[in-house]
Amino acid sequence: MQNPPPQKLEWLVWTGLGLAMGLVLGAFAYARWGPARVADSPLPVLSQVTGFNLTNQFGEVVTAETLRGRPWLGEIIFTRCPGPCVRMTRNLAELQSRLPRDADLRLVTLTADPAYDTPAVLRAYAERFGADSNRWHFLTGSQVQLYELATKQLLLAVAENPDPANAPPDELFIHSTRMVLVDPAGRVRAAYDGESPAAQDQVLADLRRLAAEPR
């Protein structure tokens, strides 16, 4: 079986990414502006985390069961990205500083670039932003698992740039700049602009709404 020509492969990659981004933006718009976004109503259920097996910045295995029972925020970046990824990580670090010490929320940062982002690289990156190791996981592992978790479960688009040789550092991987809130049962309940500091207040408000839901 012959491989598709480069032009067709690039078209397929960008088309697939476009469809994924459309799904993400649709879910984000519904989560933010849909009828269920009324302050005293439950947050909508956007998708379900069905399972994963990855490795954090300390070489420890982290699975869906590791996080079950607590709410968590998920995002996807890569450490060689000098632009949006830095802004996203800085915003999560600021949110971390605003959380009470006994808050249940966990933070989960996936890498789009597992070949480069080893646990050691992720640990150095986490330390750069003052990540609380008891609260914040930076996850690497199989690219297939990372991308499946991001796109199919968390609704975060990600793809390799089809022309990496000519791509600037922040475009080696194309990925969503959203972050999503996952409830204690592993259901995605809301999405936010990961680059916007204003998202922090909405996350804190939505955490209070989750806490008020019957268990």
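The values are calculated or read from the model by the stated rules, or taken from the named source; none is laboratory data. Note that this is a predicted model, so its numbers are computed, not measured. Positions of Cβ are backbone-derived with ideal geometry, glycine not excepted, and every protein chain shown enters the neighbour counts. Accessible surface is based on the protein model in full, side chains and every heavy atom, while ligands, DNA and RNA are left aside. Shrake-Rupley method; radii C 1.70, N 1.55, O 1.52, S 1.80 Å.
Suppose we filter Ala124, Ala157 for residues that are modelled with pLDDT of 95 or more and under 15 Å from the mean Cα position of the chain (by Cα); which single one remains?
Numbers: Ala124 fails: under 15 Å from the mean Cα position of the chain (by Cα).
Unique residue meeting the criteria: Ala157.
Run Asp117 past the list (1) surrounded by 19 or more Cβ atoms within 10 Å (Cβ to Cβ); (2) without any contact (Cβ under 8 Å) to a residue 60 or more places away in the chain; (3) over 23 Å from Leu155 (Cβ atoms) and report the number of the one that doesn't hold.
Only one criterion in (1) surrounded by 19 or more Cβ atoms within 10 Å (Cβ to Cβ); (2) without any contact (Cβ under 8 Å) to a residue 60 or more places away in the chain; (3) over 23 Å from Leu155 (Cβ atoms) is unmet by Asp117, namely (3).
Please tell me if Asp132 is assigned to a loop (DSSP other than H, G, I, E, B), modelled with pLDDT under 95 and more than 17 Å from the chain's Cα centre (by Cα). Walk me through it before giving the result.
On the way: assigned to a loop (DSSP other than H, G, I, E, B): yes; modelled with pLDDT under 95: no; more than 17 Å from the chain's Cα centre (by Cα): yes.
Against the criterion (assigned to a loop (DSSP other than H, G, I, E, B), modelled with pLDDT under 95 and more than 17 Å from the chain's Cα centre (by Cα)), Asp132 does not qualify.
Considering only helices (runs of 4 or more DSSP H) fully contained in region 1-116, which possess at least 3 residues that are modelled with pLDDT of 95 or more, under 24 Å from Leu204 (Cα atoms) and under 16 Å from the mean Cα position of the chain (by Cα)?
Values: elements: 6-33, 64-67, 84-98.
Those helices (runs of 4 or more DSSP H) span 84-98.
Considering each of Ser133, Ser196, Ser142, Ser176 in turn, give the residue that is among the polar types (S, T, N, Q) and surrounded by 17 or more Cβ atoms within 10 Å (Cβ to Cβ).
Within the list Ser133, Ser196, Ser142, Ser176, the selection yields Ser176.
Only one of (1) more than 17 Å from Ala64 (Cβ to Cβ); (2) open to solvent by less than 60 Å² (accessible area, probe 1.4 Å) is not met by Arg106, so which one is it?
Of everything listed in (1) more than 17 Å from Ala64 (Cβ to Cβ); (2) open to solvent by less than 60 Å² (accessible area, probe 1.4 Å), Arg106 misses just condition (1).
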